[in-house]
């Protein structure tokens, strides 16, 4: 910690010299100020050097050097996936103390991959004959079938049953239950909690449940989506992971058993999901005549399958039925339910689309784009310039009289539209409740004047103590907010209009970050300079992203780390740039994912669900799941991408399935086999490769946890075909092949002699 105090060197001088220095114009004071600045830099550097002695506090570049001191085998650091060698190096001593044990293998898997893991020694799950000198109290072969909750765990990472011998090798994922086999189960999906606190808390947050006929969905868009466990962190290396420690989908029978014990007041075993302090689900219901939502007791939640035509006749007040596999809620018909708020977790592959994860880096990038001063310290993701026009939107926080808080996005946008051209502003969406702009007032229309710049961002804008004010005095400081925790949801259409003169080169810009939009997002005729989407979700099948005909020739459309519905741009604009995103509607839709016949399209690490039409095309590390047509193919390039047969694109470089076809035909020609005519053989190769080398997704339906995630049985040419050696498409940033390679390298050192480890991906 720095000992710096203003003018501390000057204050060390005797007062006699300071008085004489004042008489001479303070040259000595100026000199000591320069020396003091250099002293502060030396002290800061010394402090950093001290921190770099320890693995917990050192800079990232120091980690490999500390690892060298311990003889640690290097692994690949994967910044985009949040995988660092820091934990691997920090736990090395603990690994070596318990080398070869299941707990070490499990911890090792978590540290080097970033995936939650569970290690299973398969020899402990082998059915054996009973020996009287080694009595095994548990069943040795025959599983019990009376407990349905246990039966659900069969063939999973937590399988409690014994199995007959499998002689296949676990390293190839062919076999499991054998003496030399150890299984490492890995969870590729993550759980994302939405909501924290309760009504009346300092910073509450919820998700608005959606009424769909006779039931409610926890997903605010009315989509069936399973509930996930909010994985609890293991505190010791000696502990094997349980169901509560991994981000898996919640099992109906397991939750039912816990709730039944709560209703019967059975203390043991204690709940692991529906705990009193941190349950996996909390539901708040506001009935007719009530002023605020009231939490439903855990004992009043009943687990069941909820069909579309559900009807509950129970007269018990505030009782609800829950279907965790589809994320549905139902209430007795006698209850007049006005509002339902939920705190829960959903599953997804990574930080993509509108979500409650940390988006500070994207906000800082937007700050730099709009040329806002970001030189000040003390903020992790918001605007630093207090002169920036900034307001908040909250459905939970009442207006404090400052004029900076609004009850809806429509009201905040109306206030923005009154600002003069050249204004830079921020609208902070402060909670995750649904904002219904489809209330009959038409679309929310945003006016972007000449040289105006507006950022709409989801995040926390907390109350802070006022310096020098009496205790309890708080305020919201412009520029002090965190772009995380909140997943804002807007129901309705959003229109952005640039009002700069048609001949102006200083058209304004609009940036949207962290929003889930259920409706149309369109650019109205006019002159808009830039529209940027980052970490947003435009729900597929519920609308489109379109640029209406008329003007906007200078518009640049940018989509980054987003889930985006189909994009339609009929007239020419400056360009479209898409990166690390999923674009297109749900499976089976005949629509194009991008329809821009007069505009240049640039795409990086993006998955397109549907065909693409563009004037020119530059693409790298992409998956085109529909036929692609670039109208001008003299310019542009497609690299390291999957392009389906029948597409017309510019020159290709290492694209599939073309690369695999060329490789096999070259091998055939080199062999010069006389048995088949070359033409027939080459045609057969093209048909075979086109059928085998194609993208296979866990799901193409938005709302499923595996939406847009490549299946494990997808060809390696696609799963590791990107330029970086990772998978093509939107989840290239996860670097899954590199993480798997890290684990295989590390297992060689810590696996006991004679054992084989198999990697089994649960999700």
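The values are calculated or read from the model by the stated rules, or taken from the named source; none is laboratory data. From a predicted model like this one, the values you see are computed outputs, not experimental measurements. All Cβ positions, even for glycine, are placed from backbone atoms using ideal geometry, and neighbour counts span all protein chains on display.
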Can you name every residue in the range 441-464 that is part of a loop (DSSP other than H, G, I, E, B), surrounded by fewer than 17 Cβ atoms within 10 Å (Cβ to Cβ) and at negative phi? 441, 462, 463
Restricted to the range 344-360, and to residues that are at pLDDT 90 or above and not in a loop (DSSP other than H, G, I, E, B), which residue is nearest to residue 248 (Cα to Cα)? 347
Of the criteria (1) within 30 Å of residue 738 (Cβ to Cβ); (2) within 35 Å of the chain's Cα centre (by Cα); (3) surrounded by fewer than 18 Cβ atoms within 10 Å (Cβ to Cβ); (4) modelled with pLDDT under 85, which one residue 170 fails: (3)
Scan the range 667-680 and give yes if some residue there is at pLDDT below 90 and buried (at least 16 other Cβ atoms within 10 Å of the Cβ), otherwise no. yes
Quick check on the range 318-342: of everything there that is over 33 Å from the mean Cα position of the chain (by Cα) and touching a residue at least 24 places away in the same chain (Cβ under 8 Å), which residue is surrounded by the fewest Cβ atoms within 10 Å (Cβ to Cβ)? 336
Heads up, the helices (runs of 4 or more DSSP H) in the range 69-169 (entirely inside) with at least 1 residues that are in contact (Cβ under 8 Å) with a residue 60 or more places away in the chain and out of contact with any strand residue (DSSP E or B) (no Cβ under 9 Å at 6 or more places or on another chain) are 86-90, 92-97, 148-151
On the basis of being closer than 30 Å to residue 84 by Cβ and assigned to a helix (DSSP H, G or I), does residue 33 make the cut? no
Going through (1) farther than 28 Å from residue 734 by Cα; (2) assigned to a helix (DSSP H, G or I) one by one, residue 25 fails only at (2)
Tally the residues that are in a strand (DSSP E or B), closer than 14 Å to residue 578 by Cβ and touching a helix residue (DSSP H, G or I) at 6+ places or on another chain (Cβ under 8 Å), restricting the search to the range 504-559. 2
Exactly one of (1) assigned to a loop (DSSP other than H, G, I, E, B); (2) exposed (fewer than 14 other Cβ atoms within 10 Å of the Cβ) is unmet by residue 684. Its number? (1)
Where a residue in the range 428-440 is in the same structural domain as residue 340 (by TED's automatic domain parsing) and its partner, wherever it lies, is at pLDDT below 90, with Cβ under 7 Å and at least six apart: none
So residue 538 clears everything in (1) over 21 Å from the mean Cα position of the chain (by Cα); (2) surrounded by 24 or more Cβ atoms within 10 Å (Cβ to Cβ); (3) closer than 22 Å to residue 430 by Cβ except one condition, right? Which one? (1)
Hey, does the range 272-293 have a residue that's more than 28 Å from residue 349 (Cβ to Cβ), touching a helix residue (DSSP H, G or I) at 6+ places or on another chain (Cβ under 6 Å) and either in contact (Cβ under 8 Å) with a residue 12 or more places away in the chain or not in a helix (DSSP H, G or I) (or both)? no
Could you say which residue among 397, 424 is surrounded by 16 or more Cβ atoms within 10 Å (Cβ to Cβ), at pLDDT 65 or above and more than 28 Å from the chain's Cα centre (by Cα)? 424
Any residue at all in the range 465-479 that's crowded, with 22+ Cβ neighbours inside 10 Å and at negative phi? no
Single match in 555, 533 (criterion: without any contact (Cβ under 8 Å) to a residue 60 or more places away in the chain, surrounded by 20 or more Cβ atoms within 10 Å (Cβ to Cβ) and within 17 Å of residue 515 (Cα to Cα)): 533
Would you check if residue 572 is farther than 19 Å from residue 449 by Cβ, out of contact with any helix residue (DSSP H, G or I) (no Cβ under 9 Å at 6 or more places or on another chain), touching a residue at least 40 places away in the same chain (Cβ under 8 Å) and surrounded by fewer than 22 Cβ atoms within 10 Å (Cβ to Cβ)? yes
